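S.K.: First, the structure itself, so that you have it in front of you.
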Amino acid sequence: MTENADDILARLPARLKEVRREQGLSLDAVARLSGVSRSMVSQIERGESSPTIATLWNLTQALKVDFAGLLDASPDDARIELLRGRDVPTIDNRGEACRLRILSPPEEAGKHEVYEVLLGASGVLDSQPHQRGAREHLTVIDGVIEVTSGESVETLRAGDTARYPADLPHTLRALEGAARAFLVVQDA
């Protein structure tokens, strides 16, 4: 992308307002959905305030658009969306010696989520039940992972895939050192 950062940020107020209106949302509705105050949303739309990354993240979640979609002057469904490895959001507080890299777009949260799971030696991802009917699909890329769902336990090695109910307590545990896997979460 050869655009100047100032040019991109200059489009933000108009694009935010445009996306909000396209979705038929009022300032109050966006404020409720995002947790960003109505006055702050209004100030951002008028170009009187620049949002922090956290505020922008909350707004994109509420509007169900990604950062690029919000800043794109001319959306094009045929373009390739690119997220460089260094820019992939991560979650580090969901277990012991465990990092989740969020690979799915924000608008898919709660429906169809894709993660790279990185477990250190003896790392654990311990999950509470998701909504009723949710399932997880785990494919081990490197290492050995023990999967527990409810009372069922299976051991997976590189290349193995397990599909299991995620509406029960479930755990991923690295055996024999560090492990890496791809995880797809599908809510019912």
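S.K.: Hey, can you rank 96-104, 48-56 by average C-beta count inside 10 Å, highest first?
M.R.: 96-104, 48-56
S.K.: Another one. With charges set only on the Cβ (+1 for Lys and Arg, -1 for Asp and Glu), what does the dipole of the chain come to about its Cα centre, in debye to the nearest 20?
M.R.: That gives the chain a dipole magnitude of about 380 debye.
S.K.: Given R₀ = 22 Å, FRET efficiency for Gln23-Ile53 by Cβ-Cβ distance, to 0.05?
M.R.: 0.50
S.K.: For Gln43 paired with Ala188, estimate the spin-label separation in nm (one decimal), with each label point 7 Å from Cα along the Cα-to-Cβ line.
M.R.: Taking the simple label geometry, Gln43 and Ala188 are separated by 4.4 nm.
S.K.: Residue farthest toward the positive end of the dipole of the stretch 5-71, with Cβ of Lys/Arg at +1 and Asp/Glu at -1: which of Ser37, Trp57, Ala10?
M.R.: Ser37
S.K.: Follow-up. Determine the gain in length on full extension of the stretch Gln131-Glu146; use 0.36 nm per residue of separation and subtract their C-alpha separation, reporting nm with one decimal.
M.R.: 3.1 nm
S.K.: While we're looking at this one, here's another question. Given an 8 Å cut-off on Cα distances and at least 6 residues of separation, report the relative contact order of the chain as a percent.
M.R.: It comes to 18 percent, rounded to a whole number.
S.K.: So what's the net charge close to Leu125: Lys and Arg +1, Asp and Glu -1, counting the other residues with Cβ under 10 Å from its Cβ?
M.R.: +1
S.K.: So, in nm, how far is label Ala178 from label Arg79 when the simple model puts each one 7 Å beyond its Cα toward the Cβ?
M.R.: 3.5 nm
S.K.: Determine the distance separating the Cα centre of the stretch 8-31 from the Cα centre of the stretch 126-188; give it in Å without decimals.
M.R.: Comparing the Cα centres of the stretch 8-31 and the stretch 126-188, I get a distance of 38 Å.
S.K.: Viscosity 1.567 mPa s, temperature 4 °C: give me the Stokes-Einstein translational D for the chain in µm²/s, with Rh taken as the Kirkwood radius over C-alpha pairs.
M.R.: In µm²/s, the coefficient rounds to 70.
S.K.: Which length gain, in nm to one decimal place, applies between Ala158 and Thr90 when the Cα-Cα distance is subtracted from 0.36 nm times their residue separation?
M.R.: The span from Ala158 to Thr90 would gain 22.2 nm if fully extended.
Computed from the coordinates by the stated procedures, all read-outs in this text should not be read as laboratory data. Just so you know, these numbers come straight off a predicted model, no measurement behind them. When we count neighbours, we look across all protein chains shown, and the Cβ atoms used for this are built from the backbone with ideal geometry, even at glycine.
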